[in-house]
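First comes the structure, then the notes that go with it.
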Amino acid sequence: MSLDLHAATSRQRADMVDRLKADGILTDPLLRDALLRVPREALLPHAYVRVSGPGADLIDCRLLDGSHPEDQEAWLELIHSDESILLQPDGDPLDALPRGPVTGGHMTSMSTYTPATIEVLQALGLAQGHRYLELGPGPGVSLALAAAVTGPGRAIGVERDRHMAAFAQRNLDRLGLGAAVVEDDALQGHQVGSFRPSEDGGRCFFFTSRCGSRPARRQEKEGFWSASACWTSSATWSWLKSRCGGRSMRIS
Ligand SMILES: C[S@@+](CC[C@H](N)C(=O)[O-])C[C@H]1O[C@@H](n2cnc3c(N)ncnc32)[C@H](O)[C@@H]1O
């Protein structure tokens with residue numbers, strides 16, 4: 001059965017937003033508009049479905065290719081679900097990943113599950129004109145959402161993996177949101193250049209547990225607000241919320 005991709009993605013986006021609102025997660029109207037505007041299928045053109053359990057170290061997965069008619073329905077449903085989206089095994093190049101089963105190895109990049117992304121972006125209080133810095137943006141979904149709120153040329157991501165940095169930048173360019181990805185190691189601290197965070201309403205989204213909190217603290221010294229998180233689904237949201245009015249917060 002062939003799928004009308006445009007109609008299907010618009011419907012999936014609208015359903016996702018309705019669900020997040022009904023669950024009380026999505027409250028910010030700017031972010032709601034961003035979620036409706038950003039076609040996540042352009043940033044997540046493939047996704048791995050996990051076959052092994054969540055605790056397993058070695059993974060058993062199946063790659064869904066969004067351009068393959070047999071995968072499209074499952075792929076679209078997955079990328080609009082509340083699951084984390086697994087994108088890259090073992091730092092592999094992202095352009096020629098084989099469709100079908102994959103066994104072994106480790107996922108080195110993913111897109112965080114949407115409810116967590118929403119909570120963090122809302123806690124940062126993003127608004128038009130703010131500067132937004134994301135350390136470890138992966139495929140760039142949260143970066144794109146932030147750019148849709150802040151406006152062109154205001155959102156930047158620092159991504160260590162060269163394949164992922166190029167993949168994210170190419171996909172983001174197609175969306176025309178004016179978001180940039182720099183290939184660099186956030187542990188070394190990224191030169192924010194012409195950013196004047198304290199004057200420009202700097203917001204920093206630090207979303208990778210591997211980095212620890214060192215780079216986030218460095219960015220805070222530059223005047224950014226920062227949010228740090230690990231990608232567990234057992235995050236203690238009440239603690240996050242109690243801290244999010246301050247300059248810095250951490251989900252653990
Ligand atoms: C779990 S993904 C998160 C992607 C995105 N922030 C999100 O929340 O959807 C973490 C990303 O951080 C990147 N990363 C890990 N350590 C890094 C470092 N030291 N500097 C820059 N990027 C890093 C990984 O390559 C990966 O793409």
### Exposure of THR27 as accessible area (Å², to 10), given a probe of 1.4 Å and all protein chains
100
#### Entry: Nearest-0.05 FRET efficiency for ARG32 and ARG162, computed from C-beta distance (R0 35 Å)
0.55
## Note on the structure
For the stretch 5-111, the accessible surface attributable to carbon and sulfur atoms (probe 1.4 angstrom, ligands and nucleic acids excluded) amounts in percent to 52
## Note on the structure
Treating only Lys and Arg (+1) and Asp and Glu (-1) as charged, each at its beta carbon, one finds that the stretch 1-128 has a dipole about its Cα centre, in Debye to the nearest 20, of 300
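In what order, largest first, do MET110, MET164 sit by accessible area if the probe radius is 1.4 Å? Don't skip to the answer; put the middle values down first.
Numbers: MET110 50, MET164 0 Å².
Sorted by accessible area, descending: MET110, MET164.
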### Message
Assuming 0.36 nm per residue, please report the length gained on full extension of the stretch GLU70 to ALA8 beyond their Cα-Cα distance.
### Response
20.8 nm
### Task
Show SER111, SER67, SER10 ordered by accessible area, largest first, where the area counts protein heavy atoms only and the probe is 1.4 Å.
SER67, SER10, SER111
### Task
Express in Å², to the nearest 10, the accessible area of ARG62 obtained by rolling a 1.4 Å probe over the protein heavy atoms while all chains stay in place.
100
### Query
Using θ = phi - 60° and the Karplus form 6.51 cos²θ - 1.76 cosθ + 1.60, what ³J(HN,Hα) does each residue of the stretch 135-143 get, whole Hz, x for Gly and Pro?
9, x, x, x, x, x, 5, 5, 5
## Note on the structure
Once ARG62 and ARG99 are pulled to full extension, the length gained, defined as 0.36 nm per residue separation minus their Cα-Cα distance, is 12.6 nm
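The values are calculated or read from the model by the stated rules, or taken from the named source; none is laboratory data. Predicted model only: the values in this text are computed from it and were never measured. As a convention, Cβ positions derive from the backbone with ideal geometry for all residues, glycine included, and neighbour counts pool all protein chains shown. Accessible surface is based on the protein model in full, side chains and every heavy atom, while ligands, DNA and RNA are left aside. Shrake-Rupley method; radii C 1.70, N 1.55, O 1.52, S 1.80 Å.
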